[in-house]
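Next up is a structure, given as C-alpha cells.
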Amino acid sequence: MILVNYAASFFLIALGLYCMAVKKNLIKILIGMGLCDYGTNLLVVSVGFNPGGTAPIFTAGEIHPGMFFVDPVPQALTLTSIVIGACTTAMVLGLIIRIKAKYGTLDSTEIRRLRG
Amino acid sequence: MFQKWIDKSMRKSPWIYHINAGSCNGCDIELVSVLTPRYDAERFGFHLTGTPRQADIVVVSGPITMQSVDRLIRTLAQVPEPKCVVSLGSCPRSGNVFKGSFAIAGPLEKYTHVDVSVGGCTPKPEAIVAGLAKAAEILEEKRREMRKHGGMAPSPAVAAAVEHEERAEFGTGDATAVRQGAEQEADA
Amino acid sequence: MNMEHYPILAIISLFLGAFLVALFGRLNKVLRNLIVAAAVTIPLCLMIALIAPVMIGGQVIGYWMGNWAPVGPWAIGIGLEVDALSLFFGLVVTIAVFVSGLYSFTYMNRDDSLENYYTLFLMLSGSLLGLVLTGDLFNIFVMIEIMTMTAVALTAFRVDYEGALEGALKYMVVGSIGSTSVLVGIAMLYSQLHTLNMAQIAAALPDHQNLVTVGAFAFLFLGFSTKAFLFPFHPLAADAHAVAPASISLMISGVITKCGVYGIIRLAYILYQNINEPAVSILITGFGAVSCFICVTMAFNQHDFKRLLAFHSISQVGYVITAVGLGTALGLSAGLYHAMNHTLFKGLLFLCAGAVQYATGSLDLGRLGGLAKKMPKTCALFLIGAASISGLPPFNGFFSKWMIYQASFEKGLDTGNFFYIVVCVVCLLSSVLTLASFVKVAQSVFFGQLQPQFENTKEVPLTMRIPMWILAVLCILTGVLPWEVLQKLVGPAAAAALNAAGYIQGMLGSGAAAGAGAQAAFSMEIGFWGPVSWLCLLLIVSCAVCLVAVLGTAEQKSPEERHEMDRRAGRTAAFTRDGFADAGRILKPAEKEGHYRNPVLSGTTLTFTGEKDPKYENFFSGEESEYSQVGGGDLFWGFKTNWRHYFQGMRRWHSGVINDYTRYGIVALAFVLLYACLFL
Amino acid sequence: MNDSRASKPVLAVSLLLILCIGLAAAIRMAGSAPTYDGRSTDVSVLQQDAHAYDDSGADGVAAVMVNENNEKTAADNVVYSVVFNYRGYDTLGESFILIGAIAGTTAILRKKGNKASAAIVGTRGDAGQEPLKVVSYRTDQKSRTKYRRKPVIVKCAADFLLPFATVYGWYIILHGAMSPGGGFQGGVLAAGTVLLVYLAYGLTGIRKVFHSHFLHYSETAAEIVYVCIGLAGIAAGLHFCFNFVFPAGREESAMLMNDAVGYHVMAGISCLLIMMLEALDTDDGSSREEKKS
Amino acid sequence: MQILIQLFHILVFPGLLFDVAMGVLLMGLNNKLVARMQNRVGPPILQPWYDFLKCCGKETIIPARAKRAVFLGSPYLGFVLLISVSMFIPFAGFIPVTMGSDLVVILYLLTFVSVCEILGAASSGSPFAGVGLSREMVAMISYELPFVLVILTVARAVGADQPSGAVFSLEGILAYQEMNGPLLFSPAAIPAAIAMLFVIPCETGMHPFDIAEAETEICEGMLAEYSGTPLAMYRLTHMVKVYTMSSLFVAMFLGNRFTGIVPVDILIGILLCIAVMFISAALPHAVCARLKVEQVFHFYWTVVTGFALAGLLLVWAGV
C-alpha cells in the first residue's frame, strides 16, 4: 500500500545523501544526486495515489460508473521534476568531463584548489 | 594672523631627531640622558620623534663614516623647513680621534650647514641642553626669515669667504656652544 | 495594457530576451547588446511603474495565469501575487540586473561565445524575478531550479580560469541538497493541504498543524537557507563567487541570496505565521548570527579579493537573517532595509573587484598595491562601497545596522532572553571585523606601493564605471535619506509581510482590486538620527576649521611648484642648504662607485649625480626605499596570533572537498528536522 | 571535524535521523486523507455530459480540475490538461530549464575556450599552487585505435528500428491529449534515435545525419513560438497562457504548446547528446581518417 | 536669533573652541601629571598648544608616492568628525545639537575618526604607516568588544522605562541619572565603569596602548610621512579625543546636571573630566611600559571584557 512508497522514497533520499557524502568518485556523487532526485520523484508521485483509482483519462468506452481517477496534479509535478533531474545530470556531466580534462582526476579529495 | 605666535611657538616646542652617523654611542647616551628626570629637557618642550618628517632640530652624532654619508644626506633632505642641524660631540666637527682615517667621510660641515655645535667627547648633558636651547632660538629666527621669503627657506647668498674665516674655533667640553648660523640677508 | 500585466511582462521580457539573444546573438554584436539592453531595462521600468499602486496605494495584484480564477477556496491555476514585499525584492532584483547587464557589456568583451553568456544571464535574471513575484509554491521550486542551473553554468563560464569548474561543481552538488529538500517540503505540504497556492496554504495551515507540516517547515527552511548560503552552506558561496565573472558574482551575492531570504520571510511570516514562537525565532536568528560571525572571521585572512568579498556577502546576509528572525516590526524592516543596502554596496564592491581584475589581471591581495594612483576613480568608488559595508555614518550600511542592533536589543529586553543580547554583541563585533578586512583590502590593493609589473595599468573604460557610479549614488542616497526610504519602500514591505491576512485576502478575495486596505498602523519607533542635519553640522564646523587653516599658515605648495621655485631661484633640483659654508670646493669622493653616490659640490648645493631629490621620497630610515609593500597576509598580526587555534580549525574545516560540504549539509538537515520536531 | 574518523558516526546519526523523521512523516501522510478521492464526482456521468458537475464537495485542487476538464478544455487526458492548461506557466518554466541546461552545457563544453581568456582573466589569489596541467579533453590518440569493431549487427538492427522509433516518438507527442503521453515524454523518445544512430554509425554518422547548430537554433525558435502562444493570451486582453478552445471543440491552443514543447525537447535533448558525444569523442577507429583533415 | 544661539553652541561653548581648549588643557595636565609622577618638572600646561602652532608653521612635505587628495583631506575630515561627535555628548546640561544623541551613533562616529587616520596613513604609501594602520586596526578590534558590552550594560540599566525606539539614547540615560543618582553609585555598574576606564586609553591611543604610533618601534607609525598642518590636525584630533572620551564617561556614569547652576555645573564637569583623564590616561602612562600588539589584544579580550561581561550579567540579573 502507499506507506511502502513513502518509506521507499525517504530511504532512497537517505541513500542518495549517503552516497553523495561518502563516495570519492565524482560520477558516483552524480549518481547519488540522481538517487535523491528519484526518491523525491517517487514521493511526489505517490502523494497523489489513491488505491483503486485509475489513470485520469476520459477514454471513450473504458469508463464505467463507480470508477474514480488518481490525482493528476502530482503527476504533472513529477514530470517537471524528472526533466529538472535530467537537466541537472546533463550539466554536472558536462562539468565532470571538463574537470577530468583539467584536473586529470575524478577523485574529489584531489579537486580542492578552493579551500581555506 | 597667528604668525607671531607660530614663530614664538617654534622656540617653545622644538622636536629632536637623532641621526647616529657612526658614533661610539657615548654622545647618544648623553643625548637620551638629557630627557631623563634629572636633566629633563622636556620642560623646554623638547621631544624625541621617530621620523625626520616631524623633526625641527636634527642632532647628528658620530664622525660621518663612509657608510652613513648617503643615509645622512637622504635623511637630512627629508626634514621639513625651518630646521636646524646640531652636531653633538667633537666627532662630527673634526672626526675627533678618527681624524684622517680612511673610513670617515669628513666633518659634518661638508654635507650641511651646522647651526649649533656642542663640543666635547661626550658633552655634558647641561651642554647639550644649552646647545639645543640655542638651536631652538635659531629656529625661531629661521621661521621669521622664511616667512619673509614666501614660505621658502632663505636661499643663501654665495657664501662670502668672510663668513668662512669668522667661524670661531671649537669650544672645549663645557657649554660653549658657538652659534654658527650667521645671520644672512638673502638676496632672493 | 493595464497595470495588472506588468509583473508577467517583466518576467517574460527577460526570458524572451534570452531566447532572442540565443537565436540572433551570433549574427552581430551590436544587435545582441541591443537586445540585452532592452531586455534589462524593460523590467526595471515596469517595476518602478508598479511602486505607486502597490507600495503607496497598498494594493495587492493577484494575477491568475490563463484566467483560471479560483473555484471556491481552491486555486486551480498558478497565480502571480505582487504585494509590497514581493515588489520590494523585485525592485532589488531589477536594479541589480540592470547594473550587472550594463557592466558586463565591457567587462566580458574579451571572452568568447558571449551569446551563451547573455542567454544564461538573462534567464538567471528572469528566474529571479519570477521567483520573487510568483504566488505558487511549486512555481518557486521551478524558478529556484532555473536560477541554480544558470548560476552554476555562469560560474563555470570562464572555463580556463583556475578553480572555475570546481566552484561550479560544488555549487551544483551541494545546491541539489537544497533543491531536493524544497521539493520534499512541497510534496509533504501538498499531501496535507491538497493545494499549491501560497495564499491558500497560508489560509489553511493554521488548523492543519501536525508532524508532516512541521517536517515540511524544516525541509523548506533548509532549502531556502541553502539558496541563501547560510551557515553550513557558506563555503559554496565563497567558491562560487571567487571564480565567477564579477557581474555574475554581483548577481549571486546580491540577488540569489536575497531570494533565499525572501523564501524564508514568506515561509515564516506568511505561510506558517509562526515567527513569533520563541523556538522559530531562535532557530532563524541563531542561523543568521552564526553565519554572520563565522563568515567574517573566515574573510579575515583571505588572500583573494573576490573570495574575501564572497565571505562578507554571506556575513551581511547573516545580518539580514538575524534581523528577520526577530519577528518584531522593527526587526523585519531593519532586515529588509539591510537586504537592499547589501545588494547596493556589495554590488559596488564586486564591480570594483571586476575593474581591478580587468585592469591588472590579478586579484591576489599579496601582489596588488598602490593602484590608487593608477586607477583613482575606481579607488574612490571602492572607498564609498567599503565605507557603506562597514557602516560608517553618512553611508547606507550604518542606518540599517543601527536598526538591527536596536531591534535585537529591544527583543532581548522585552523577552528577557539573554540569547538576543549575545546576538546583538556578535553583530556589533562582526561590524568591526568587516571594517578591519576592508581596511586590509584598501591597504593591499589601492594604497601602499605599486608593484613594478603593474606600472602601466590604466583606468577601466567609462562604460564600466557608469554602473558603478549608479550603485555608488544609490548607496549615498539611501544612506543620507533613510526616513524617506523607510516610509516609501521598507515600511510598506514590512507591513505587507506582517499582515498575512492581507496577503490571503488579496489573492483569494475579490481578485486583483481587493487591496490589503490601509497598512496596519505601521508604528516603528527608532531613535532620531538625521543624517542631513548632521551633514550640515559637519559643513559648519569644516568651514570654521578651513578658515583657521587658511589664516594660520603660509600656503602649502605642491612638490612641483617647489621645484619650480628652486629652479627659478638658481638652485638646482637638489636639496637646498642655507648658509652653506665652504662653497665651490669639489669633494674627493671615496673610490667605491656603487657603494655611495659621489656627492659633487657645485655652487651652493650638494647634488647627487643623477639622483632624484630624496626630499619627496618616503622615509625609509635613511635607505633608498625599494619595493616593500605592507599588505595582504602580514596585516593584523596581533589578532591572528591570538586566534590562531580558531583560524587553524577554520582552515581545516573548510577543506574544499565536496564530500565534506555535503556532509555538513546533511548534518544541518538532520539538525533542523530534529529541532523542528522537538520544539515546534 | 572533517577528518573521516570523527565524522562517520555524525553522518550516520544524521542520516538515520532524516530517515526516521521521514518515516514518521510517511506514516502520518499515509494516514491522512488522499488528495483526490474522486468519490464526489461520478466520472462516467462527466464523460457524457461535460457540465454535470458540482465543485462544492471538492476536497482539493485536483477534484475541481477533473470536474472542469471536459467543459473547459478539449483534452481527454487530465494530466495533459494540468500540464499544459491549468499549470501552463510551470511547464513554460520547465522548458526554460531545458534551454538553460543546453546553453550552460554548450558554454562549459565549448571547445574554443581559448587559453587567452585565462591570461586576460588573470589568476586567482593562491597562485602559489602548481599550475594545472591542461590535457586536451580528447583522450589521447593511442588508446583509441585499440577498439576496432565493426558494428554490423547493431547497424542492421538500428536501420530496422530507426523509423519505428521516430514515428513512435512523434506519436506520443501528438496524441498526448487523448492517450497517456505528451510533449516531454515523446520528445525524449524521439531524441533516443540520436543514440541509435550513434551506436550504429558512430560520431561521423551523427555528424552526417544531425546538424547540431540547426537543432540548437530550431529548438530556440520552438521555444519562442511557445512563449508567443502564451503571449497571445495577453494580446487578446486576457491573462498570460490563456487556452483558446477552437470552435470544433476538439482542438485548443494548449495542443500547439504541446507540439512546440515536443519539438523543443526532441531538438534540445538530441543537441545535448550530440554535444556530450562530441566532447567524449571515443569514436571507434573505422572512420577516423576523415577526421584527420 | 535661534540660529545665532545654535551657531554659538556649535562653534563656541560646547562646540569647537571649548573642545579644543579642553583637549589642550587635558593633554597639558596629562603630561604635567605624568612628569610629576616621574619626579621631573614636565612641560608647561600649554605645551600641546605650542606643539600645534609649531606644526602649523612647518612646511608640509607630500611624498611622491602619496595619494595627494586623501593624504591632505583625511586629517581635516577626522578632526571635523570628532568635533561632531563631541556635539552629541551633552556637557553640564548643555546638549549642543538636539539630534537625539545615541550611543551607537557615537560608537560608529569614533570608528569613522579612526578610519580617517587609517586612510591618511594608507595614502602616504610608507611601509611604516602600513604597519601602523594594521596595529591601529588591531587596537580598534580589541577595545570594541568591551566598549560594546559597556554600552549594552548602560542601556540595560537605564532601559527599563525607555520609549521603545530610543533604547541607546544618551538623553534617556541622563534623565535616568537625574532621577535616581549617578549610575556609578549603583553597585551593578561599577565593573562596567572600570571596563570603560580601560577602554579610554586604548581608544585615544595613550601611552601604554599606543601601539599604532609607537615612535620607538615603527617611527611614529601612522604619522610617519606627515609634517606641517596635516600633522597638526592629527595631533589636535588626538587631544580632543581625550576630552571626548572622558566627557562620554562622565555623561554615561556620572550624570550631567549636578547642581542646576550652569557655571558651577561646567566647573564640576571639567573637574570630573580631569579626574577621569588622570585615572584612565595619566596613571597607566606613568606606571607601565608600552605593551606589545598581541598583549594589548589579549589584555582587552580577557581582562577588560571580563569586567564588562560581569557588569552586563549583574545588570541583567537586575541587581
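The values are calculated or read from the model by the stated rules, or taken from the named source; none is laboratory data. In this text, all values refer to a predicted model and were calculated from it rather than measured experimentally. Virtual Cβ from ideal backbone geometry, glycine too; neighbours counted across all protein chains shown.
For (1) hydroxyl-bearing (Ser, Thr, Tyr); (2) at negative phi; (3) assigned to a helix (DSSP H, G or I), each residue gets a yes or a no:
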site	(1), (2), (3)
A:THR59	yes, yes, no
A:ILE63	no, yes, no
A:GLY66	no, no, no
A:ALA86	no, yes, yes
A:LYS100	no, yes, yes
A:THR109	yes, yes, no
A:LEU114	no, yes, no
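Give region C:194-225 a look and list any residue that's touching a Ser or Thr at 6+ places or on another chain (Cβ under 8 Å), assigned to a helix (DSSP H, G or I) and under 16 Å from D:GLY60 (Cβ atoms), or say none.
Correct list: C:ILE201, C:ALA204, C:LEU205, C:VAL212.
Looking at (1) out of contact with any helix residue (DSSP H, G or I) (no Cβ under 7 Å at 6 or more places or on another chain); (2) assigned to a helix (DSSP H, G or I), which is the only condition A:GLY52 fails?
Unmet condition: (2).
Still on this model: Within region E:13-25, is there a residue that is free of Cβ contacts under 8 Å to residues at least 24 places away in the same chain, part of a helix (DSSP H, G or I) and within 14 Å of chain B (Cβ to nearest Cβ)?
Scanning region E:13-25 turns up no residue that is free of Cβ contacts under 8 Å to residues at least 24 places away in the same chain, part of a helix (DSSP H, G or I) and within 14 Å of chain B (Cβ to nearest Cβ).
I would also like to ask the following. Looking at C:LYS458, C:LYS373 in this structure, which one is facing chain E (nearest Cβ under 9 Å), surrounded by fewer than 24 Cβ atoms within 10 Å (Cβ to Cβ) and at pLDDT below 90?
Matching residue, one of C:LYS458, C:LYS373: C:LYS373.
Right, something else. Being under 27 Å from the mean Cα position of the chain (by Cα), small (Gly, Ala, Ser) and within 30 Å of C:GLU624 (Cα to Cα) is the filter here; which residues of region E:29-65 pass it?
E:GLY57
Next question. Looking at (1) in a helix (DSSP H, G or I); (2) more than 14 Å from chain C (Cβ to nearest Cβ), which is the one condition that is false for D:VAL225?
Answer for D:VAL225: the failing condition is (2).
Is it true that some residue in region C:634-655 is away from chain E (no Cβ under 11 Å), among the small types (Gly, Ala, Ser) and either within 30 Å of C:LEU169 (Cβ to Cβ) or not in a loop (DSSP other than H, G, I, E, B) (or both)?
If we filter region C:634-655 for residues that are away from chain E (no Cβ under 11 Å), which is where we start, we get C:645-655.
Still in the list and also among the small types (Gly, Ala, Ser): C:649, C:655.
So of that shortlist, the ones also either within 30 Å of C:LEU169 (Cβ to Cβ) or not in a loop (DSSP other than H, G, I, E, B) (or both) come out as C:649, C:655.
Checked region C:634-655: at least one residue is away from chain E (no Cβ under 11 Å), among the small types (Gly, Ala, Ser) and either within 30 Å of C:LEU169 (Cβ to Cβ) or not in a loop (DSSP other than H, G, I, E, B) (or both).
With the structure loaded, tell me whether A:ILE82 is closer than 20 Å to D:ALA101 by Cα, within 7 Å of chain D (Cβ to nearest Cβ) and surrounded by fewer than 22 Cβ atoms within 10 Å (Cβ to Cβ) or whether it fails that test. Full working, then the answer.
Working: closer than 20 Å to D:ALA101 by Cα: yes; within 7 Å of chain D (Cβ to nearest Cβ): no; surrounded by fewer than 22 Cβ atoms within 10 Å (Cβ to Cβ): yes.
Spelling it out, it is not the case that A:ILE82 is closer than 20 Å to D:ALA101 by Cα, within 7 Å of chain D (Cβ to nearest Cβ) and surrounded by fewer than 22 Cβ atoms within 10 Å (Cβ to Cβ).
Conditions (1) at the interface with another protein chain (Cβ under 9 Å from one of its Cβ atoms); (2) more than 17 Å from the chain's Cα centre (by Cα), marked per residue:
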{"site": "C:MET198", "(1), (2)": "no, yes"}
{"site": "C:ALA202", "(1), (2)": "no, yes"}
{"site": "C:ASN210", "(1), (2)": "yes, yes"}
{"site": "C:LEU220", "(1), (2)": "no, yes"}
{"site": "C:ILE252", "(1), (2)": "no, no"}
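Any residue at all in region C:197-211 that is within 26 Å of C:TRP68 (Cα to Cα), in contact with a strand residue (DSSP E or B) (Cβ under 6 Å, 6 or more places away or on another chain) and touching a residue at least 40 places away in the same chain (Cβ under 8 Å)?
Taking every residue of region C:197-211 in turn, at least one turns out to be within 26 Å of C:TRP68 (Cα to Cα), in contact with a strand residue (DSSP E or B) (Cβ under 6 Å, 6 or more places away or on another chain) and touching a residue at least 40 places away in the same chain (Cβ under 8 Å).
What is the residue count in region C:334-369 for residues that are at positive phi and surrounded by fewer than 24 Cβ atoms within 10 Å (Cβ to Cβ)?
The qualifying residues number 1.
Mind counting the residues in region B:122-136 that are at pLDDT 90 or above and not in a helix (DSSP H, G or I)?
Count: 2.
Tell me, which residue of region B:1-13 that is at the interface with chain E (Cβ under 8 Å from one of its Cβ atoms) and in contact with an Asp or Glu (Cβ under 6 Å, 6 or more places away or on another chain) is modelled with the lowest pLDDT?
B:ASP7
Further question: One residue is enough: does region B:51-58 have a residue meeting the conditions surrounded by fewer than 18 Cβ atoms within 10 Å (Cβ to Cβ), of a type outside the set (Gly, Ala, Ser) and within 11 Å of chain E (Cβ to nearest Cβ)? Explain how you work it out, then say what you get.
So the first thing to find is which residues in region B:51-58 are surrounded by fewer than 18 Cβ atoms within 10 Å (Cβ to Cβ), and the list is none.
For region B:51-58, residues surrounded by fewer than 18 Cβ atoms within 10 Å (Cβ to Cβ), of a type outside the set (Gly, Ala, Ser) and within 11 Å of chain E (Cβ to nearest Cβ): absent.
Pick out the one residue from A:PRO74, A:PRO56 that is more than 7 Å from chain D (Cβ to nearest Cβ) and of a type outside the set (Ser, Thr, Tyr).
Sole residue among the options that is more than 7 Å from chain D (Cβ to nearest Cβ) and of a type outside the set (Ser, Thr, Tyr): A:PRO74.
Out of all the residues in region C:156-177, is one or more more than 30 Å from C:GLY77 (Cβ to Cβ) and in contact with a Cys (Cβ under 8 Å, 6 or more places away or on another chain)?
Filtering region C:156-177 down to residues more than 30 Å from C:GLY77 (Cβ to Cβ) leaves C:156-174, C:177.
Narrowing further to those that are in contact with a Cys (Cβ under 8 Å, 6 or more places away or on another chain): C:177.
Scanning region C:156-177 turns up at least one residue that is more than 30 Å from C:GLY77 (Cβ to Cβ) and in contact with a Cys (Cβ under 8 Å, 6 or more places away or on another chain).
Here's the yes/no breakdown for (1) at pLDDT 90 or above; (2) under 26 Å from C:GLU624 (Cβ atoms); (3) among the β-branched types (Val, Ile, Thr):
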| site | (1), (2), (3) |
| --- | --- |
| B:TRP15 | yes, yes, no |
| B:ASN25 | yes, yes, no |
| B:GLU30 | yes, no, no |
| B:ARG43 | no, no, no |
| B:ASP70 | no, yes, no |
| B:VAL79 | no, yes, yes |
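Could you list, in sequence order, the residues of region E:167-215 that are without any contact (Cβ under 8 Å) to a residue 60 or more places away in the chain, in a helix (DSSP H, G or I), within 14 Å of another protein chain (Cβ to nearest Cβ) and in contact with a Leu (Cβ under 9 Å, 6 or more places away or on another chain)?
E:GLU215 - this is the single residue of region E:167-215 that is without any contact (Cβ under 8 Å) to a residue 60 or more places away in the chain, in a helix (DSSP H, G or I), within 14 Å of another protein chain (Cβ to nearest Cβ) and in contact with a Leu (Cβ under 9 Å, 6 or more places away or on another chain).
In region E:26-48, how many residues are among the hydrophobic types (A, V, I, L, M, F, W, C), assigned to a helix (DSSP H, G or I) and more than 9 Å from every other protein chain (Cβ to nearest Cβ)? Reasoning before the result, please.
Of all residues in region E:26-48, those among the hydrophobic types (A, V, I, L, M, F, W, C) come to E:26-27, E:29, E:33-35, E:37, E:41, E:45-46.
Remaining after also requiring assigned to a helix (DSSP H, G or I): E:26-27, E:29, E:33-35, E:37.
Then drop every residue that is not more than 9 Å from every other protein chain (Cβ to nearest Cβ), which leaves E:26-27, E:29, E:33-34, E:37.
The total comes to 6.
Checking the structure you have, find out if any residue of region B:25-45 is within 7 Å of another protein chain (Cβ to nearest Cβ), surrounded by fewer than 17 Cβ atoms within 10 Å (Cβ to Cβ) and at negative phi.
yes
Any idea which residue in region C:12-25 is surrounded by the fewest Cβ atoms within 10 Å (Cβ to Cβ), counting only those that are at the interface with chain D (Cβ under 9 Å from one of its Cβ atoms) and of a type outside the set (Gly, Ala, Ser)?
Taking the candidates together, the pick is C:LEU23.
Could you say whether any residue in region C:284-307 is under 13 Å from the mean Cα position of the chain (by Cα) and crowded, with 24+ Cβ neighbours inside 10 Å?
The answer is yes; a qualifying residue exists.
Find the residue count for region D:52-73, including only residues that are outside any helix (DSSP H, G or I) and within 14 Å of chain C (Cβ to nearest Cβ). Spell out how you get there, then give the answer.
Taking region D:52-73 as the starting set, the residues that turn out to be outside any helix (DSSP H, G or I) are D:52-54, D:58-60, D:73.
Adding the requirement that they be within 14 Å of chain C (Cβ to nearest Cβ) leaves D:53-54, D:58-60, D:73.
The total comes to 6.
Scan region C:232-247 and tell me whether some residue there is over 20 Å from C:ALA299 (Cα atoms) and either within 13 Å of chain D (Cβ to nearest Cβ) or under 18 Å from the mean Cα position of the chain (by Cα) (or both).
Checked against the condition, which is being over 20 Å from C:ALA299 (Cα atoms) and either within 13 Å of chain D (Cβ to nearest Cβ) or under 18 Å from the mean Cα position of the chain (by Cα) (or both), region C:232-247 yields at least one hit.
Another question about this same structure. Could we say that C:VAL173 is under 26 Å from A:LEU15 (Cβ atoms), more than 10 Å from chain D (Cβ to nearest Cβ), touching a residue at least 40 places away in the same chain (Cβ under 8 Å) and of a type in the set (Val, Ile, Thr) here?
Considered against the rule, which asks whether it is under 26 Å from A:LEU15 (Cβ atoms), more than 10 Å from chain D (Cβ to nearest Cβ), touching a residue at least 40 places away in the same chain (Cβ under 8 Å) and of a type in the set (Val, Ile, Thr), C:VAL173 comes out as yes.
Within region E:241-267, which residues are in contact with a Ser or Thr (Cβ under 7 Å, 6 or more places away or on another chain) and either part of a loop (DSSP other than H, G, I, E, B) or more than 24 Å from E:THR111 (Cα to Cα) (or both)?
Answer for region E:241-267, where residues must be in contact with a Ser or Thr (Cβ under 7 Å, 6 or more places away or on another chain) and either part of a loop (DSSP other than H, G, I, E, B) or more than 24 Å from E:THR111 (Cα to Cα) (or both): just E:ASP265.
Regarding C:ILE314, is this residue within 12 Å of the chain's Cα centre (by Cα) and either modelled with pLDDT of 95 or more or buried (at least 24 other Cβ atoms within 10 Å of the Cβ) (or both)? I'd like the intermediate steps shown before the answer.
Working: within 12 Å of the chain's Cα centre (by Cα): yes; either modelled with pLDDT of 95 or more or buried (at least 24 other Cβ atoms within 10 Å of the Cβ) (or both): yes.
Yes: the conditions hold for C:ILE314.
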